[in-house]
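Below: the structure, in structure tokens.
The values are calculated or read from the model by the stated rules, or taken from the named source; none is laboratory data. Predicted model only: the values in this text are computed from it and were never measured. Cβ: placed from backbone, ideal geometry, glycine included. Neighbour counts: every protein chain shown. Just the protein is used for accessible areas: all its heavy atoms, side chains included, with ligands, DNA and RNA removed. Shrake-Rupley method; radii C 1.70, N 1.55, O 1.52, S 1.80 Å.
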Amino acid sequence: MSGRDARDRAPRVKNRAPAAVQITAEQLLREAQERQEPSIQAPKQRVEDLEELSEFQGRKRNEFEGRIRYSRDNIRAWIKYAQWESSQNEFERARSVFERALDIDPRSTELWLRYTDMELKARNINHARNLYDRAVTLLPRVDALWYKYVYLEELLLNVPGARQIFERWMQWEPNDKAWQSYIKLEERYNELDRASTIYERWIGVRPIPKNWVTWAKFEEDRGQPDKAREVFQTALEFFGDEEEQVEKAQQVFAAFARMETRLKEFERARVIYKFALARLPRSKSANLYSAYTKFEKQHGDRAGVELTVLGKRRIQYEEELAYDGTNYDAWFSLARLEEDAYRADKEDGEDVEPTRVREVYERAVANVPPAMEKRYWRRYIYLWLQYAAFEEIDTKDYDRARDVYKAAIKLVPHKSFTFAKLWLAYAYFEIRRLDVTAARKVLGAGIGMCPKPKLFTGYIELEMRLREFDRVRTLYEKFLTYDSSLSSAWIQWTQVESAVEDFERVRAIFELAVQQALDMPEIVWKAYIDFEAGEGERERARNLYERLLERTSHVKVYISYALMEVSVLGGGEDEDGNEIEGEAGDPELARAVFARGYKDLRAKAEKEDRALLLEAWKNFEAEHGTAEEQAKVEEMMPTTRKRWRKAEDGSGALEEYWDLIFPDDERDANPTSFKFFQAAQAWAQQRGEGEGGGLSYDLPSDSDDDDDDDDEDENVEEVGEREAAGSEEAEAQPMDQDE
């Protein structure tokens, strides 16, 4: 700090208030402009007599001669020299300078134009004509010289001379603008026949579609539609009927059709459009299709509009498929489009062949997915199914539909994956052809090559419809041999046997099923028990529950067991329609099951399951029990307490949670304090019968005072912290608080 000079610091702004007089940027710029010093200007020289003029001219000529002597190829210097001479009215000297310059560079267009402009300003018309003639003879490809020359003659009303100049120009076969200028000249003087002749010569030199269209438009505008048609027909004959030639002549076809439309010849226009579109591929005629669509919407009938829209959508789908051949959604859309068009033609009574539809399907199925993963084949396989459905339903070509199914099955890599829907569709096709044996062979081949549950299920459903129960049993045996863990398959088999009332077989199947390692054993046990209960076999159902409880002690099993004991089993109607009373249940047995379940769950410390069981028990007693039984269960209902424990994240902080407290557990843990607390609760309940007060174990409602809860939580938190800082025994015992 001591080494730095105080003068190096930035100056302090002591007064930061705005100035009384504010100056804008505009004022600063204006003052700067006003205070600029004037630029140095050369003094003006006044010529008083001829001697001074001669001296001035001589000095200037010496300067110009020095410049062109120093830079002889600088055409700008020559032009300035000549223009200065012309400004002094020394035209002879100016012409001499221009001629000397032309000797140096005779192909300078600018030099010729300046030379002619000088002569025209001096009104030396003949000199200018001679110069233009020399210029176009020397430079016939410079259009600017021809335009200037023609403009001069027309300005002098020398139309034959201008025409003669154009004729000289046309011999050099210039660009299209030159021909159009010649034609406009003839049009200005109403020489339309001459203009038509020029168009013909122009087409002979430049036979492009644009020129043909321009010629035909000219003939139409001057009221010669027959001549315009002749022009268009000549153009179409010139271009030919091949695909490439018609593609080049699209503009001619479109203009021809538009002309016929303007002349109210709609059929002629439609024929022209169709002629062109029939000879062009869809991808190269988008603009022509757009024009045709617009024409049909304005002047066509419904069928014509639909046909036009159909063609336009074909082009759109073809473009999408050209970009990505595996875009199966586009293939579906295109195939559906062709099918709709085929059906519409059939409905109109036309004898059409499904060639286009088959071509689309063949092209679509040729785009096999690149990877051997089933997710890539899911959309693809529907192309085959839709193809076969079209052949079967629309064309009635059943042999071809069968070939489609066979080709699809042959293409799918069954060792990696398969599609049950494909096998089933093929089998049901054979069923519709009344060939059950072929359908069974198809499904049998599918199960033999690539067994899967959906294939078994479809085959079994088919045999069930045919009422072939022996085949159904055989299929279920093969199905469960393939995968014995499918609980749904076991249950479906039992349902089949129940339908034929073979109950012993049903029990045997269930017994075999419960011995397997099932994916969902609970639904098999439930189906088994429901079957026995439905048959009124309470003892069998009770034995099944006992066997199930040996495997699991889930609360739902106890609840279902108890409700089975109290429910009415059997009953129904006999063959004569008389009602049969079922066997009534025993509430005592149900109560014993509840008590047994409660004891078991209490031993396993399953608090939530105990609460669920007590809730079901309470509902049971409300329906079947006495007041004493209901009070007994009510005394067993748990209460909730807020407790504190250490957080599981290892931070040592305390977190609160709600715990279920059962009276049985409290009685066994603290019998003395429990009796005292129970007496206090009874006293508070008696005291608050008229006031609605008293002690409660229920959760606090949202209407409790927030301040009281906050104070209470703070007190509990302090106590919890003191206990957490104590001994290990204090840490092991969670702290609770009644709510």
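Brief remarks on what is shown
- Relative contact order %, the chain, counting alpha carbon pairs below 8 Å whose residues are six or more apart: 3 percent
- Relative to the Cα centre, the charge distribution of the chain, modelled as +1 at Lys and Arg Cβ and -1 at Asp and Glu Cβ, gives a dipole magnitude of about 8540 debye.
- Each of residue 238 and residue 508 was given a label point 7 Å from its Cα along the Cα-to-Cβ line. The distance between the two points is 9.5 nm.
- If R0 is 56 Å, the Cβ-Cβ spacing of residue 30 and residue 193 corresponds to a FRET efficiency of close to 0.20.
- In segment 26-126, GluC sites (Glu not before Pro) in a DSSP loop with at most 13 other beta-carbon atoms within 10 Å: 48
- Additional length obtainable on full extension of the chain from residue 323 to residue 482, 0.36 nm per residue less Cα span: 52.8 nm
- Against the chain, whose longest principal axis is taken from its Cα atoms, helix 209-221 shows a tilt of about 70°.
- Taking the longest Cα principal axis of the chain as reference, the axis of helix 555-566 is set at about 50 degrees.
- The modelled label-to-label distance between residue 245 and residue 589, using points 7 Å beyond Cα along the C-beta direction, is 10.1 nm.
- Segment 331-360-segment 403-476 distance, computed between alpha-carbon centres (Å): 30 Å
- Segment 83-103 and segment 231-297 have their alpha-carbon centroids 60 Å apart.
- Selected from 660, 614, 75, residue furthest toward positive end of dipole (the chain; charges at beta carbon): 75
- Residue 651 versus residue 474: modelled label distance in nm, points set 7 Å from Cα along the beta carbon direction: 7.0 nm
- Segment 481-499 and segment 28-58: distance between their alpha carbon centers, rounded to Å: 117 Å
- Carbon and sulfur %, accessible surface of the chain computed with the full protein complex present, 1.4 Å: 47 percent
- Farthest toward positive dipole pole in the chain [+1 Lys/Arg, -1 Asp/Glu at C-beta], among 87, 474, 498: 87
- Gain upon complete extension [residue 70, residue 147; 0.36 nm per residue less C-alpha separation]: 24.2 nm
- Of 441/526; 60/148; 148/248; 556/646; 184/264; 248/294, pairs whose Cα-Cα distance is over 25 Å: 441/526; 60/148; 148/248; 556/646; 184/264
- With a Förster radius of 35 Å applied to the beta-carbon distance between residue 438 and residue 520, the computed FRET efficiency rounds to 0.45.
- Loop-located trypsin sites (Lys or Arg not before Pro) across segment 416-501 with a Cβ neighbour count of 12 or fewer within 10 Å are 467, with loop assigned by DSSP.
- For segment 1-159, the relative contact order comes to 10 percent (Cα pairs under 8 Å, sequence separation of at least 6).
- Helical mean residue ellipticity (222 nm; -39500 (n - 2.57) per DSSP H run of 4+; nearest 500) of the chain: -22000 deg cm²/dmol
- Helix 587-603 and the longest principal axis of the Cα set of the chain meet at an angle near 70°.
- For the chain, the solvent-accessible area of protein heavy atoms averages 62 Å² per residue (probe radius 1.4 Å; ligands and nucleic acids excluded).
- Using the Cβ-Cβ distance between residue 14 and residue 41 with R0 = 41 Å, the FRET efficiency computed as 1/(1 + (r/R0)^6) comes to roughly 0.25.
- For residue 176 and residue 299, the difference between the fully extended length at 0.36 nm per residue and the C-alpha to C-alpha distance is 40.7 nm.
- 16 Å reach of a label modelled at residue 626, 7 Å along Cα-to-Cβ, counting backbone N of segment 584-614: 587-589, 591-592
- Rolling a 1.4 Å probe over the protein chains gives residue 212 an accessible area of about 10 Å².
- Farthest towards the positive end of the charge dipole of the chain, among the residues 331, 424, 45, is the Cα of 45, using unit charges on the Cβ of Lys, Arg, Asp and Glu.
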